[in-house]
Amino acid sequence: MPHYKWLANIIGTTISQGLLADNQVLPSERELAERYEASRDTVRKAVRYMEERGIIYSGHGRGTFVAPAIVRGTTRFIDSFSQDANNRGSVAGQRVLIVEPIAAASMAIAGLLNVRPGDPLIRVYLIRLMDNVPVGLHDAYFVLPPRAKVTPSQIERAGSLYKLLTEKFGFTPVEAVENLSADAAEQKDAHLLGIKKGDPLLICERITLSDRREPIEYCLMKYLSSYRYKTRIAKRCGD
């Protein structure tokens, strides 16, 4: 782990333990460098890393402050389901239903992923678990290198689909576009999630982009209504 991330984790733990209060000013870079025996450059990177993740915020000309707890629980970053579960204090799990090569992308999926109809894709269909309880269904289609193979056992061993794809194929998700809606559970979905047909579901369609801003994943996610989906919005400067 880079030293600045280690330092950010230490400071973040101090904040989560309540040793630094909401909106309290953070010690200066010099003070942090002396306290943790780190270079000023390391401290600067750690502060920027925490600010990007909403743990702290800067007031122009006033200093850097601890973000209120209500926004520290949100993120502007693409997290894997495993990371999201960990952030919630739960244990992530998954039950792999389908892993299959799609020899020819449908016209609809091809349009979303900016490939030609008929191009090969990989489909992964999972039941997502939190503390061994089903909370959602993920039906994902990926653009991977030619002849790439993914197996259920690989996913189970990795514990995280994103982790596996990153380590094995250089999968680099950096940005995503999501559409949210609600719908009533169909019989098949209800059976897999242990709910009744017609119970409400949160529907999330995500298109994930690579570091080159190329579409690499389309995922249809269906969550129980009890699954809380947090996000954060901010007013643009000058508006």
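Assorted remarks:
- Each residue was assigned an accessible area with a 1.4 Å probe, and for Ile207 the value is about 40 Å².
- Result for the chain in a Gaussian network model with C-alpha springs under 10 Å: among Leu19, Leu209, Leu193, the largest mean-square fluctuation is at Leu19.
- From helices alone, the chain scores -8500 deg cm²/dmol at 222 nm; the rule is -39500 (n - 2.57) for each run of n ≥ 4 DSSP H residues, then divide by the residue total.
- Computed over segment 1-113: relative contact order in percent, which uses C-alpha pairs under 8 Å that are six or more apart: 22 percent
- Percent carbon-and-sulfur accessible area, the chain, ignoring ligands, DNA and RNA, probe 1.4 Å: 52 percent
- Only lysine pairs 8 or more places apart, or on different chains, with alpha-carbon atoms under 19 angstrom apart are counted in segment 81-223, and they number 7.
- Accessible area per residue in Å² at 1.4 Å probe, computed on segment 83-239: 60 Å²
- Scalar couplings 3J(HN,Hα) for segment 173-179, obtained by applying the Karplus form with A = 6.51, B = -1.76, C = 1.60 to θ = phi - 60°, are x, 10, 7, 8, 10, 10, 10 Hz; x denotes Gly and Pro.
- The equivalent ellipsoid that matches the C-alpha gyration tensor of segment 1-96 spans semi-axes of 26, 16, 12 angstrom, in descending order.
- √(5λ) per eigenvalue of the Cα gyration tensor, the chain, largest first, Å: 37, 21, 18
- Contact order relative to length of the chain, as percent, for alpha carbon pairs under 8 angstrom and 6 or more apart: 15 percent
- Exposure rank, largest accessible area first [Tyr125, Tyr141; 1.4 Å]: Tyr141, Tyr125
The values are calculated or read from the model by the stated rules, or taken from the named source; none is laboratory data. What you see is a predicted model; the values in this text were computed from it and never measured. For accessibility, only protein heavy atoms count, side chains too; no ligands or nucleic acids. Shrake-Rupley method; radii C 1.70, N 1.55, O 1.52, S 1.80 Å.
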